[in-house]
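K.L.:
Structure incoming, see below.
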């Protein structure tokens, strides 16, 4: 069914974007096809699919500004207060945005009403969802089926590589992964792609039995006493040192054994192909004897 869906989507979008390219006026040296991205995961995926996009990317969001490949000097949009006038002035062929910006309504409705193509990419909460997002961005952006399919297949191959190694692990480690130092402290449970990654590498999330995003207290962490502690929290000169210095944490097995590690915030929090980098880091920190060979 999915193959049929993608095949139909390809046929439809080939016609749509062919029309965009032939109808969009061009000036000397300017690309005929232009795109605006909103959402760093969308921008990361697009630039992986089309690294030579060049001047076709004419605006993005502020969170995407430091992503390698984003052109310097293009307008940067506030994801939470979309400047529709700027988008209309730029008159792009397509706007590809994360649904994260549409929780309170459709901020791009007026853009779509003017005839500009608007495509929303659903926020993924699983690895399969991220792979679907790659394919969706590939087609929605007009950069073709094969670029997205190649990236999706490469991501799936690395997932299977980790899964195969993890299947040989006989003694599973428990982990606590902090995503916000609060107060209160925040972590994740079942229903998030981070929890899926933790389980994929063969580890046990001590808060897997909680909801997707959950506030926890020091006492709960101390009681569950994880073997390994991970954090992607920024804002501290020494995030690992800050955690170790918390009252009572010196007695945790992870702290006693020096098993507290920092994970890249962008790679571990954005639902793009770059979660694979976070996956490998988590695997190597938790099970160096398996994943560093």
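The values are calculated or read from the model by the stated rules, or taken from the named source; none is laboratory data. Nothing here was measured: the structure is a model prediction, and the numbers come from that model. Because the Cβ atoms are built from the backbone with ideal geometry, glycine has one as well, and the counts that use them run over all protein chains shown.
K.L.:
Go through 271, 288 for me and flag whichever is at pLDDT 95 or above and touching a helix residue (DSSP H, G or I) at 6+ places or on another chain (Cβ under 6 Å).
P.N.:
Criteria check complete, one pass: 271.
K.L.:
With 154, 164, 112, 102 as the choices, which residue is out of contact with any helix residue (DSSP H, G or I) (no Cβ under 6 Å at 6 or more places or on another chain), loosely packed, with under 15 Cβ neighbours inside 10 Å and under 18 Å from residue 36 (Cα atoms)?
P.N.:
112
K.L.:
So, one more: Run residue 62 past the list (1) crowded, with 20+ Cβ neighbours inside 10 Å; (2) under 18 Å from the mean Cα position of the chain (by Cα); (3) under 22 Å from residue 103 (Cβ atoms) and report the number of the one that doesn't hold.
P.N.:
Result: residue 62 fails condition (1) only.
K.L.:
Do any helices (runs of 4 or more DSSP H) entirely within region 28-146 hold 3 or more residues that are touching a residue at least 40 places away in the same chain (Cβ under 8 Å), and if so, which?
P.N.:
Fully inside region 28-146 and qualifying: 40-49, 127-140.
K.L.:
Scan region 166-195 for residues that are assigned to a helix (DSSP H, G or I) and under 21 Å from residue 259 (Cα atoms) and report the count.
P.N.:
3
K.L.:
Looking at (1) loosely packed, with under 15 Cβ neighbours inside 10 Å; (2) in contact with a helix residue (DSSP H, G or I) (Cβ under 8 Å, 6 or more places away or on another chain); (3) closer than 27 Å to residue 134 by Cα, find the lone condition where residue 213 falls short.
P.N.:
(2)
K.L.:
Going residue by residue through region 237-249, is there one that turns out to be on the phi < 0 side of the Ramachandran plot and surrounded by 22 or more Cβ atoms within 10 Å (Cβ to Cβ)?
P.N.:
The answer is yes; a qualifying residue exists.
K.L.:
Shifting gears a bit: For the condition assigned by TED's automatic domain parsing to the domain that holds residue 180, in a loop (DSSP other than H, G, I, E, B) and within 17 Å of residue 174 (Cα to Cα), what is the one hit in 211, 235, 258?
P.N.:
Answer to the check: 258.
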